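Read through the structure below, which is laid out as structure tokens, and then see the notes.
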Amino acid sequence: MSGESFPDLNAILDNVAKNVSGEFNCSISISFKNSSGTASMAAGTTDFSTGRQASPTDRYAFGSITKMLTGSSILKLISEGKFGLDDPVAPLVDPFLSGISNFTMEELWGADNVKNETIRTLLSMTGGVPDFDTANPCYTPGCFQGDSLRAALYNEPSRGYDPVELMSVDWVKGAEHWIDCEPVAWNAWTPFCYSSTNYMLLGMLLAADAQASGWEDFDQSEYLSQYLANQISYAKHGTPEANGVVHGYDRTKYNMFNGTLNNHDNFEVAGVFSGWSASDVVATTSAVAELTWDIHAAHKVAPKEYADMMIPKEGRIYGMAAHNIASYIGQTGEYGVAYGHLGATYGYQSVTAYFPKLDFVLTVASNIETDSQTQPALALCFAYNEIAGMMLGQEIVCKRSQGDYFGNVCTCTPIKNDVIV
């Protein structure tokens, strides 16, 4: 099934893009991918200064979806015996890190802290490496939501922070900032301490294996097919404008008082891409859908045995380089299984997910950043259920619900499990 062979698919994607972009006053780009082909639609405004409307060929900043590529590339090297999943990471990273900086992991965070940090703990966000990203939402009514890195990036928009600079900021460097990663109430089976710094360290491990002379010289597409390598680029420097990305608008309450929201156009803010192998992918939604398919369905990056290690366990929000997307799609049981990655950076939010029961991928990108990142999740939920209904010959009705950052944005009538696809 593709957009050409199944015209109703294009109509579904078009309708979802128009409805969600209209509700949130933004652009929505959405792409479908399965073994038969792809389909893409887009709607909404990408530039509020000119009124330019969205196209499926628009490129977006995909933020943390970059981690999906970095993590699967690490697992490919593990499959080749280059190192082990539970190997201490400092001895592997430090030769490269010390070559591009004046410190090692031990000098940054202390020997007692880093000795138990492994490739597994970095991949699964269960270690103690401090996060350079200070965008931490607060949910208490009336609370002030500060973000020191965001403030610095907006104050000096032409400056992007490289990996060494991000590891040297006051809230990252120093043993006192090491995280005591403990289980949290909503994810009690395992610790969960999200840190984008983890994935810069993993990027250094990839660069070291490729014998790159520096972080900028490593080709992050090394483990992709030539076709996909030509579709994705990496914004190691420059602004969204310089990297051919649509305008992106910050509509969060970060650093704002009295309940007001930002309305900041980040088209000329280089810091959007700070984070390198944690957050620098630039692409269309169709290219990211292809990437998700290659990782989770076709297993073209890491072999299936290793790619399947990425899949989050039931009830957990994160696996290895993969979010559990189940809470975003309004279903339970086999049809409620979905995994991929969320992407959020300054002015842009996105999500990509693989649905194994129905064997397809959906990728959604938006050109706004909100506190709840509801808009990509809502588009994903509506599109998934409409496509599932079309494939299964069922009527599935979804309604908007009061979800939040962690999902539950729509409720749907259950898919009947007695249907054979």
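The values are calculated or read from the model by the stated rules, or taken from the named source; none is laboratory data. From a predicted model like this one, the values you see are computed outputs, not experimental measurements. Neighbour counts are summed over all protein chains in view; Cβ atoms, including those assigned to glycine, are modelled from backbone coordinates with ideal geometry.
Is it the case that region 311-328 has a residue that's over 30 Å from residue 151 (Cα atoms), over 18 Å from the mean Cα position of the chain (by Cα) and modelled with pLDDT of 95 or more?
Checking region 311-328: not a single residue is over 30 Å from residue 151 (Cα atoms), over 18 Å from the mean Cα position of the chain (by Cα) and modelled with pLDDT of 95 or more.
Determine the pairs where a residue that is farther than 17 Å from residue 180 by Cα, located within region 100-121, has a partner that is not in a helix (DSSP H, G or I) with Cβ atoms under 7 Å apart, the partner being 6 or more residues away or on another chain.
From residues that are farther than 17 Å from residue 180 by Cα, the pairs are 100/214; 119/83; 119/85; 119/87; 119/89.
Are any of the residues in region 127-142 in a helix (DSSP H, G or I) and more than 24 Å from residue 205 (Cα to Cα)?
The answer is no; no qualifying residue exists.
Does residue 72 satisfy being under 30 Å from residue 111 (Cα atoms) and among the small types (Gly, Ala, Ser)?
It is true that residue 72 is under 30 Å from residue 111 (Cα atoms) and among the small types (Gly, Ala, Ser).
Which one of 324, 367 is out of contact with any Gly (no Cβ under 6 Å at 6 or more places or on another chain), at negative phi and of a type in the set (S, T, N, Q)?
That would be 324, the only listed residue that is out of contact with any Gly (no Cβ under 6 Å at 6 or more places or on another chain), at negative phi and of a type in the set (S, T, N, Q).
What number of residues within region 375-402 satisfy the criterion of being crowded, with 24+ Cβ neighbours inside 10 Å and within 30 Å of residue 265 (Cα to Cα)?
9
Do the conditions hold for residue 250, that is, is it surrounded by 22 or more Cβ atoms within 10 Å (Cβ to Cβ), of a type in the set (D, E, K, R) and farther than 23 Å from residue 76 by Cβ?
yes
When you check residue 340 against the structure, is it at pLDDT 95 or above and either surrounded by 23 or more Cβ atoms within 10 Å (Cβ to Cβ) or of a type outside the set (Val, Ile, Thr) (or both), yes or no?
yes
Find the residue count for region 33-49, including only residues that are surrounded by fewer than 19 Cβ atoms within 10 Å (Cβ to Cβ) and either acidic (Asp, Glu) or more than 15 Å from residue 263 (Cβ to Cβ) (or both).
4
Report yes if some residue within region 68-82 is free of Cβ contacts under 8 Å to residues at least 40 places away in the same chain, surrounded by fewer than 22 Cβ atoms within 10 Å (Cβ to Cβ) and touching a Ser or Thr at 6+ places or on another chain (Cβ under 7 Å); otherwise report no.
No, the conditions are met nowhere in region 68-82.
Give the residue, chosen from 354, 306, that is touching a residue at least 12 places away in the same chain (Cβ under 8 Å), among the hydroxyl-bearing types (Ser, Thr, Tyr) and in a strand (DSSP E or B). Don't jump to the end; show me each part of the working.
On the way: 306 fails: in a strand (DSSP E or B).
Testing whether each residue is touching a residue at least 12 places away in the same chain (Cβ under 8 Å), among the hydroxyl-bearing types (Ser, Thr, Tyr) and in a strand (DSSP E or B) leaves just 354.
Within region 195-234, restricting attention to residues that are touching a residue at least 12 places away in the same chain (Cβ under 8 Å) and of a type in the set (D, E, K, R), which residue is surrounded by the most Cβ atoms within 10 Å (Cβ to Cβ)?
209
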